[in-house]
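First up is the structure itself, then whatever we jot down about it.
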Amino acid sequence: MGRLKKRKKREMIEFTLNVTSLMDVLTVLLFFLVKSYSVSQAALQTPQGLRLPASTVKAELEETVSIALTSKELRFNNQVLVTLDNGKFTSKDLSRDGKVIRELKKTLDEEYAKRNAVFNEEGTTENLPPGRVIIQSDKGMEFAVLKYVLNTAAQSHYNDYEFIVQSPED
């Protein structure tokens, strides 16, 4: 008696890849990348004679108000507001307490009111972030003089500020 070998038939297993979940993930990634990509670039005019300090940090600028401080003048959005005397503010430029630059405060308050008016038309200013200001200061400027600008900006609700620097290669 011969033994017959039973051959087992191998069943073909059908394998399918569900790409719906993969497409969902890729779509979310695509939206994230598009949302985080920014093509806007702010352009600032640097006043003549202003030497910016050097830094290696690279960051994008946002559209906002700009203040430039040289040893001769204080500019707001490239318009001269105050003329300095030997790199210092005079008492006529400062408020009674001697900490706030009058003309800069007036200009920042007007700019802040314009900003709030735009958002009031659209809804509410309740959750609006603080005002943002970009500061260009000569690298030889004393910090004591720069403190007047920072204090004035803070008094006018511009608590979020950035300093502009140049790369060491420039």
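The values are calculated or read from the model by the stated rules, or taken from the named source; none is laboratory data. Computed from a prediction, not measured in an experiment: that's the story for all the values here. Reconstructed Cβ throughout: ideal geometry from the backbone, glycine too, with neighbour counts over all protein chains shown. Side chains are part of the model used for accessible areas, which takes the heavy atoms of the whole protein and leaves out ligands, DNA and RNA. Shrake-Rupley method; radii C 1.70, N 1.55, O 1.52, S 1.80 Å.
Amide H contacts under 5 Å for ILE135: ILE67, GLU162, PHE163, ILE164, restricted to partners 5 or more places along the chain or on a different chain, H placed in the peptide plane at 1.01 Å from N. When the C-alpha to C-alpha distance is required to be over 20 Å, the pairs from LYS92/LYS114; LYS99/LYS147; LYS99/LYS139 that qualify are LYS92/LYS114; LYS99/LYS139.
Here's how it looks for LEU84: its modeled amide H is under 5 Å from those of GLU73, LEU74, which are all 5 or more places away or on a different chain.
With the full set of protein chains in place, find how many percent of the accessible area of the range 81-170 is carbon and sulfur; take the probe as 1.4 Å. It would help to have the intermediate numbers written out before the result.
Working: 2590 of 5590 Å².
Looking at the range 81-170 in its full context, I get 46 percent from C and S.
With every protein chain kept in the model, how would you rank ILE13, ILE101 by accessible area, 1.4 Å probe, largest at the top?
Values: ILE13 155, ILE101 0 Å².
Listed by decreasing accessible area, they come as ILE13, ILE101.
When you count the other C-beta atoms within 10 angstrom of each residue and take the mean per peptide, 129-135, 14-20, 139-145, 152-158 line up highest first as 152-158, 129-135, 139-145, 14-20.
The packing ranking, built from the mean of other Cβ atoms within 10 Å per residue, places the peptides 70-76, 27-33, 84-90 in the order 70-76, 84-90, 27-33, highest first.
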